[in-house]
Amino acid sequence: MNRKADVVVIGGGPAGLAAALQADAAGASVLVLERDKEPGGILQQCIHNGFGLHYFGEELTGPEYAGRFIDRVKQTGIEILTDTMVLEFTADRRVLAVSAEHGLLEIEAGAIVLAMGCRERTRGALSIPGTRPAGVFTAGCAQRLTNMEGYMPGRQVVILGSGDIGLIMARRMTWEGAKVMAVCELMPYSSGLNRNIVQCLVDNDIPLKFNHTVVRIHGRERVEAVTISEVDVKTKRPIPGTEETIPCDTLLLSVGLLPENELSIAAGVEMDSVTSGAVVDEERQTSIPGVFACGNVLHVHDLVDNVSHEAELAGRSAAAFAKHPAPAARAHRVIAEGGVRYAVPQMLSDKAEGKIDLYFRVGDVYRGAALLVKSGERTLLRRKKPIMTPGEMEKVTVDVTGLTDDVHLSIETEG
Amino acid sequence: MTKEMICISCPMGCMLTVVQEADGEVRVTGNTCKRGETYGRQEMTCPMRVVTSLVRLEGGVRPVCSCKTRQPIPKAKIPQALEEIAAQLKRAPLRRGDVVIADVAGTGVDVIATSDIAAR
Ligand SMILES: Cc1cc2nc3c(=O)[nH]c(=O)nc-3n(C[C@H](O)[C@H](O)[C@H](O)COP(=O)(O)OP(=O)(O)OC[C@H]3O[C@@H](n4cnc5c(N)ncnc54)[C@H](O)[C@@H]3O)c2cc1C
Ligand code: SF4
């Protein structure tokens with residue numbers, strides 16, 4: 001079947017829905033393609049609360065946050081095709097998808113919004129020695145089984161990685177009747193929020209072992225135990241003699257998220273090696289004219305509120321492009337250096353002016369340091385921050401009117 | 001009684017020492033700002049949490065529906081609240097906001113559905 005739409009959104013998570021709403025409000029015809037049975041993305045399985053404090057001014061659970069956007073979409077002419085997997089898109093904005101109901105679909109898009117979200121890193125990337133029995137799950141997979149399928153993945157659990165998903169699952173499994181023996185973290189600090197460490201682990205007396213990793217998985221059919229070991233802080237190698245074997249039937253891996261960009265790479269979108277997402281300008285336009293990106297597929301966000309704001313911008317930009325396809329010329333780069341790991345957007349177009357939000361992450365914990373934003377000799381911003389940590393995305397707003405040079409973000413630790 | 005705790009009111013994560021005297025007076029040290037004191041006092045006297053969980057469902061497109069306490073409840077009541085939630089069996093459909101349990105664990109707070117689950 002062949003179709004046409006002003007704006008085609010790939011992915012019906014919070015990013016895709018917010019982008020679709022803004023594109024629709026700007027007068028574009030909008031088609032959202034979602035491979036899952038229903039829209040809402042990863043939020044449908046995040047049943048804990050802690051979403052929406054910034055966007056809605058109240059704390060919601062994941063499904064409630066998604067539900068509000070789905071309700072809004074239903075009041076518009078936006079069409080959502082679920083059970084529809086995008087296989088490919090091209091630089092001339094043709095989208096190829098396969099749907100349970102409609103078979104093969106080829107869609108001609110005025111503009112495309114990429115909103116495919118993230119995937120979890122898996123054990124393959126970690127290569128733990130030992131057998132490969134049942135009972136090893138990524139934390140997100142266990143979350144889906146527990147919260148959506150009503151199936152408890154295990155009774156006695158060890159968790160590797162102290163990212164937020166691992167912490168949230170430690171509490172969930174405890175609350176649903178399992179015993180969480182320990183959370184092991186390779187680093188000397190957690191990338192999870194303090195709030196989750198306190199309310200998920202401390203509240204439930206679950207030990208958090210820093211500088212620890214899993215060195216062996218035991219069991220034939222099913223996990224029977226794992227051996228953990230302390231690691232050298234510098235080399236990250238296990239320290240002989242510190243091993244401890246913990247009986248358990250389940251090992252959860254919470255070792256990070258990776259933007260799902262196979263489609264973008266195949267289409268030839270320029271990628272950022274730090275974010276593993278596309279390189280975009282201030283409108284969230286990628287290196288391919290008319291193709292925009294937002295949400296976790298662009299860079300991993302910790303707060304869905306930021307996802308929604310970013311996606312609204314991408315949705316507006318996509319609708320504008322569909323109406324007047326004028327490719328923006330890239331004028332200046334936004335360069336992260338000196339303690340700043342990355343910044344989004346990575347580019348400013350020749351149309352960039354006025355106040356623009358820059359999102360960034362730092363590579364270490366900084367107390368009492370300042371963020372410096374410069375362009376040539378001009379200081380656009382110097383902002384002292386009580387604390388900056390790798391786990392929390394930061395935002396600053398700068399005025400980019402009349403820039404003549406690239407923009408540099410760095411950390412100033414003195415003065 | 002003395003408790004050590006991390007303040008979670010902002011990313012600074014100050015380490016608080018909270019002391020409760022025999023006469024009930026609470027003193028907080030280690031905090032950088034006023035919010036830390038409020039947090040430490042609350043955690044010492046009556047820590048409150050929103051509980052999120054799952055209620056079993058019959059005849060729905062999914063076998064469970066997510067739910068939460070509409071307001072925070074005392075932390076000490078969490079085990080009883082979880083037990084009462086686990087004992088429930090509801091019939092689909094459920095809408096966000098539907099009351100699953102009124103007055104859970106004698107807290108005066110309702111447990112409400114947080115997902116929309118259609119009937120099969
Ligand atoms: C476990 C977990 C806990 C979290 N906790 C919090 C929290 O407490 N507070 C908070 O604010 N944020 C939290 N977040 C972050 C927040 O949920 C995410 O930032 C947000 O969901 C990202 O939205 P997204 O739309 O970019 O991606 P997703 O929600 O992942 O949506 C992407 C969608 O695209 C679809 N898709 C992908 N590829 C294709 C394709 N080829 N064809 C069709 N469809 C496709 C997927 O099926 C999915 O529905 C959490 C995230 C996780 C994973
Ligand atoms: S005491 Fe103040 S500064 Fe310290 S963590 Fe709490 S809110 Fe933040």
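The values are calculated or read from the model by the stated rules, or taken from the named source; none is laboratory data. Here the structure is a predicted model, which means the values were calculated and not measured. Because the Cβ atoms are built from the backbone with ideal geometry, glycine has one as well, and the counts that use them run over all protein chains shown. The accessibility values were calculated without ligands, DNA or RNA, using every heavy atom of the protein model including side chains. Shrake-Rupley method; radii C 1.70, N 1.55, O 1.52, S 1.80 Å.
Worth pointing out:
- Across the range A:1-152, the relative contact order, built from alpha-carbon pairs under 8 Å that are at least six residues apart, equals 29 percent.
- Selected from A:250, A:61, A:131 as most flexible by GNM, with chain A as the system and alpha-carbon contacts under 10 Å: A:131
- Which of A:381, A:248, A:162, positive extreme of dipole for the protein assembly as shown (C-beta unit charges): A:248
- Its relative contact order, with pairs defined as Cα atoms under 8 Å and 6+ residues apart, puts chain A at 16 percent.
- Over 32 Å (Cα to Cα) - which of A:236/A:355; A:37/A:395; A:179/B:68; A:209/B:90 fall in this group: A:236/A:355; A:37/A:395; A:209/B:90
- Between the range B:1-48 and the range A:361-383, the alpha-carbon center distance in angstrom: 32
- Estimated 222 nm signal from helices in chain B, with DSSP H stretches of n ≥ 4 weighted -39500 (n - 2.57), rounded to 500: -5000 deg cm²/dmol
- The charge dipole of chain A, taken about its Cα centre with unit charges on the Cβ atoms of Lys, Arg (+1), Asp and Glu (-1) only, comes to about 580 debye.
- With kT/(6 pi eta Rh) evaluated at 25 °C and eta = 0.890 mPa s, and Rh the Kirkwood radius from Cα pairs, the range A:288-375 diffuses with a coefficient of 166 µm²/s according to Stokes-Einstein.
- Translational D in µm²/s for the range A:1-140 (Stokes-Einstein at 25 °C, 0.890 mPa s, Kirkwood Rh from C-alpha pairs): 148
- Restricting the calculation to Cα atoms, chain B yields a radius of gyration followed by a Dmax of 18.6, 58 Å.
- Chain A: angle of helix A:139-148 to the longest principal axis, Cα-based, in degrees nearest 10: 80
- Listed residues A:33, A:21, A:87, most fluctuating in chain A (Gaussian network, C-alpha, under 10 Å): A:87
- The C-alpha atoms of chain A define a longest principal axis, and helix A:164-175 lies at about 50 degrees to it.
- Mean separation of Cα contacts under 8 Å, 6 or more apart, over the residue count of the range A:122-255: relative contact order %: 33
- Taking all protein chains together and rolling a 1.4 Å probe, residue A:151 ends up with roughly 110 Å² accessible.
- The range B:2-45 - Debye-derived log10 I(q)/I(0), Cα point model, q = 0.13, 0.14, 0.27 Å⁻¹: -0.22, -0.25, -0.87
- Column: log10 I(q)/I(0), Debye, Cα scatterers of the range B:52-113, q = 0.15, 0.20, 0.22, 0.30 Å⁻¹: -0.39, -0.67, -0.80, -1.35
- Estimated D of the protein assembly as shown in µm² per second, where Rh is the Kirkwood radius over Cα pairs and Stokes-Einstein applies at 4 °C, 1.567 mPa s: 52
- Sorting the Cα pairs of the range A:122-255 by distance into bins of 5 Å, from 0 upward, gives 2, 12, 22, 25, 22, 13, 4, 1, 0 percent per bin.
- Between A:172, A:333, A:237, the GNM of chain A built on Cα springs shorter than 10 angstrom shows A:237 fluctuating the most.
- Semi-axis lengths, largest first, of the ellipsoid equivalent to the range A:197-335 are 44, 17, 15 Å, with √(5λ) applied to each eigenvalue of the Cα gyration tensor.
- Cα long-axis angle, helix A:62-74 against chain A (0 to 90 degrees, to the nearest 10): 20
- All-pairs alpha carbon distance profile, the range A:58-202, 5 Å steps from 0, percent: 2, 7, 12, 15, 15, 13, 11, 11, 9, 4, 1
- Simple Cβ-charge dipole of chain B, Lys/Arg +1 and Asp/Glu -1, about Cα centre, in debye nearest 20: 560
- Of all DSSP-defined beta bridges confined to the range A:122-255, some 40% are antiparallel rather than parallel.
- Per residue, the convex hull spanned by the alpha carbons of the range A:328-415 comes to 80 Å³.
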